[in-house]
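Engineer: Got a structure for you, written out below as structure tokens; questions coming shortly.
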Amino acid sequence: MFSFYRNRAARLKRVGLPALLVAVVALGMLSACGSDNASEPEASAGASSPAVSASPSSESAAAPSAETAASPSPETAAAAAYPQTFQDELGHEVTLPAAPTTVFAPAMEDSLLVLGVKPVAQWANGDIVPAYLQEQLGGVAKADFSAGLPSPETVASYKPDLIVLSNSYYAENGVYEQYAKIAPTYAFSQSSADLDGSLRKLGELLGKEQEAERALSDYKRKVEAARTKLAPVTEGKKALIIRMNARGMFLMGGDYYGGYVLAQELGFGKSKLVEKESSADLSLELLPELDADYIFIANHAGSGDAFHKELTDSPLWKNIPAVKEGRAFEVADDSWLNGGLIAGGNVIDEVVRLLAP
């Protein structure tokens, strides 16, 4: 889940599949059903029902019109859209016999929740799971990735009817073939490289295209509002993320996760140290070269406490202008170090709270 070294590539990749048109029509008829997710707005009401005579003996009240009788129910229309066949980003042909209802998509829980779908299991590193999602995923089983991918037996125990692999690494060494025997399995090359595109693709796989578009539209409005509010703060200023874990200290570039939100969505400039890189190792000797006007520190689940102490106790750190002037901030690590509209929205809210309350 916490794959911090992934570059974020071109966004808004859209794959159109004509066979989905019937499903879209059906979902439009069902759009009054809302999502529990806070990032998704309430669906607007559908068209009003045609008027009928007030007399119970009237012909119009007694029997449906020929047009109504010929129109399929939403359930019938949705069923008619299946089976659906897709080609995943690794070239596999994936056929869904029916609309998926039990989904295993480790490292993509954020996007699933945006679409109103709760997975059958969530990615975990031992007992560590993304804290920012636990209000919605608190009762969901943990799929432990600390020793590698879960065994086929473990995955089968979740009884998924769709498996989604968020990156090509998860599909290596015969894993794809083993998982595909359990349920239809769709693999991304790297979903975090194009969060908008991967959300849209999930929407297609799950018959949730409208929900995906609404969520992306809402997020875009949130970005624009925050960018406007932060404009006096961001103009001509650079921001940098220092992340820590048990292995050390690292600088995040502006191409993925929280770094992408700062540089590409909120308009901060990039530090020269990661201007052309997605990440870089950080040592105390490098501190005098930090050229950021704002510094955000994300300590992964407290695993970098020793490095955090080493950093903040250093005289070199205390002499950095951003630190001396109170422009270095501790931030919620899991939202800043994960990808998805929920995580991105949390980063935006935190930056606005810290810099333009």
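The values are calculated or read from the model by the stated rules, or taken from the named source; none is laboratory data. Since this is a predicted model, take the numbers as computed values, not measurements. So basically every Cβ, Gly included, is an ideal-geometry build from the backbone, and we count neighbours across all protein chains shown.
Engineer: Can you name the condition, by its number, that MET108 falls short on among (1) farther than 21 Å from GLY259 by Cβ; (2) in contact (Cβ under 8 Å) with a residue 40 or more places away in the chain?
Structural biologist: Of everything listed in (1) farther than 21 Å from GLY259 by Cβ; (2) in contact (Cβ under 8 Å) with a residue 40 or more places away in the chain, MET108 misses just condition (1).
Engineer: Out of the stretch 239-255, which residues are buried (at least 22 other Cβ atoms within 10 Å of the Cβ), over 17 Å from THR312 (Cα atoms) and touching a residue at least 24 places away in the same chain (Cβ under 8 Å)?
Structural biologist: Within the stretch 239-255, ALA239, MET252, GLY253 qualify.
Engineer: Continuing with the same structure: For the stretch 118-132, give me each residue that is out of contact with any helix residue (DSSP H, G or I) (no Cβ under 6 Å at 6 or more places or on another chain), over 20 Å from ASP194 (Cα atoms) and buried (at least 18 other Cβ atoms within 10 Å of the Cβ).
Structural biologist: Passing the criteria: VAL120, ALA121, ALA124, VAL129.
Engineer: A follow-up question, please. Out of (1) touching a residue at least 24 places away in the same chain (Cβ under 8 Å); (2) over 19 Å from LEU96 (Cα atoms), the odd one out for PRO184 is which?
Structural biologist: (2)
Engineer: Where in the stretch 124-205 are there helices (runs of 4 or more DSSP H), lying fully within it, with 2 or more residues that are hydroxyl-bearing (Ser, Thr, Tyr) and either more than 19 Å from LEU337 (Cα to Cα) or at pLDDT below 95 (or both)?
Structural biologist: Passing ranges, in order: 152-157, 175-180.
Engineer: What number goes with the only condition from (1) of a type in the set (D, E, K, R); (2) without any contact (Cβ under 8 Å) to a residue 40 or more places away in the chain; (3) in contact with a Lys or Arg (Cβ under 8 Å, 6 or more places away or on another chain) that GLU277 does not pass?
Structural biologist: (3)
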